[in-house]
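S.K.: Here you go, one structure.
The values are calculated or read from the model by the stated rules, or taken from the named source; none is laboratory data. Since the model is a prediction, treat every value here as computed from it, not as a measurement. Cβ sites come from the backbone with ideal geometry, for glycine too, and all protein chains shown count toward neighbours.
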Amino acid sequence: MHTDPDCIFCKIAAGKIPSKKVHEDDGMLAFHDINPWAPVHFLMVPKEHIPSMAQVEERHAPLLGRMLALAPKLAMREGCRPYPEGGFRIVINTGDDGGQEVHHLHIHVYGGPRPWKRG
Ligand code: AMP
Ligand code: ZN
C-alpha cells in the first residue's frame, strides 16, 4: 500500500500524529477535524495515500463505497440527528479550485444543530 512519509494524514493514519479517532479498520481511519465547521465534523481517510478524487482508480471503488456506506452510521454515532429532520453534509474538496488544503483524499462529514461555521 502506498503511503507518503511527508503527508500529515498518512502520519495520522499510521498513528504517528495523534487524532481523536471515530473509526478504524484495515482500509480507513475516521477522526475529528481539528477545526470543526459544525457541532459534528469528522474526516474519513483511506490508509493508502491517494492525493485526491482526481487520482481515484477503479480498484479504489470498493473501499470508497465502504467509506460512504459507513459515513451515515458514524454521523449518527457522533451526534447528528436522524434523517429527515436532522442529517449531515458530505464534502470532498478536490484540487485548488475545489478548496483542498490537505492532499490526501478525505471525506468531510459534518452536521448537528445549526448554525454552522461553514456550509
Ligand atoms: P480540506 O480543505 O478539504 O483539504 O480540509 C482539510 C481539513 O483537515 C481541514 O478541515 C482541517 O481543519 C483538517 N485538519 C488539518 N490538520 C488536521 C489534524 N492534524 N487533525 C485533524 N484535522 C486536521
Ligand atoms: Zn497521505
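S.K.: Select from the stretch 38-77 the residues that are in contact (Cβ under 8 Å) with a residue 60 or more places away in the chain and surrounded by fewer than 17 Cβ atoms within 10 Å (Cβ to Cβ) and list them in ascending order. Spell out the reasoning first.
M.R.: Kept after step one, since they are in contact (Cβ under 8 Å) with a residue 60 or more places away in the chain, are these residues of the stretch 38-77: 38-45.
Listed by number, the list holds a single entry, Pro39.
S.K.: Tell me yes or no: at least one residue of the stretch 20-27 is more than 25 Å from Gly112 (Cβ to Cβ) and either touching a helix residue (DSSP H, G or I) at 6+ places or on another chain (Cβ under 6 Å) or part of a loop (DSSP other than H, G, I, E, B) (or both). Steps first, answer last, please.
M.R.: Kept after step one, since they are more than 25 Å from Gly112 (Cβ to Cβ), are these residues of the stretch 20-27: 26-27.
Next, only the ones that are either touching a helix residue (DSSP H, G or I) at 6+ places or on another chain (Cβ under 6 Å) or part of a loop (DSSP other than H, G, I, E, B) (or both) stay: 26-27.
Yes, there is a match, as at least one residue in the stretch 20-27 is more than 25 Å from Gly112 (Cβ to Cβ) and either touching a helix residue (DSSP H, G or I) at 6+ places or on another chain (Cβ under 6 Å) or part of a loop (DSSP other than H, G, I, E, B) (or both).
S.K.: Among the numbered criteria (1) within 21 Å of Lys11 (Cβ to Cβ); (2) away from ligand 1 (no atom under 13 Å from the Cβ), which one does Pro36 miss?
M.R.: (2)
S.K.: Restricting to the stretch 28-62, what's the tally of residues that are within 11 Å of ligand 2 (Cβ to nearest atom), part of a loop (DSSP other than H, G, I, E, B) and touching a His at 6+ places or on another chain (Cβ under 6 Å)?
M.R.: The total comes to 3.
S.K.: Within the stretch 76-90, is there a residue that is part of a strand (DSSP E or B), at pLDDT 95 or above and not aliphatic (A, V, I, L, M)?
M.R.: Yes: the stretch 76-90 contains one or more residues that are part of a strand (DSSP E or B), at pLDDT 95 or above and not aliphatic (A, V, I, L, M).
S.K.: Please go through the stretch 102-117 and give me each residue that is over 11 Å from the mean Cα position of the chain (by Cα) and farther than 17 Å from Cys7 by Cβ, ordered by number. Let's see the steps before the verdict.
M.R.: Here is the first cut: in the stretch 102-117, the ones over 11 Å from the mean Cα position of the chain (by Cα) are 102-103, 111-117.
Selection gives Gly111, Gly112, Pro113, Arg114, Pro115, Trp116, Lys117.
S.K.: Also, quick follow-up: May I ask you to verify whether Pro18 is within 14 Å of ligand 2 (Cβ to nearest atom) and either out of contact with any Ser or Thr (no Cβ under 9 Å at 6 or more places or on another chain) or modelled with pLDDT of 95 or more (or both)?
M.R.: For Pro18, the condition - within 14 Å of ligand 2 (Cβ to nearest atom) and either out of contact with any Ser or Thr (no Cβ under 9 Å at 6 or more places or on another chain) or modelled with pLDDT of 95 or more (or both) - is not met.
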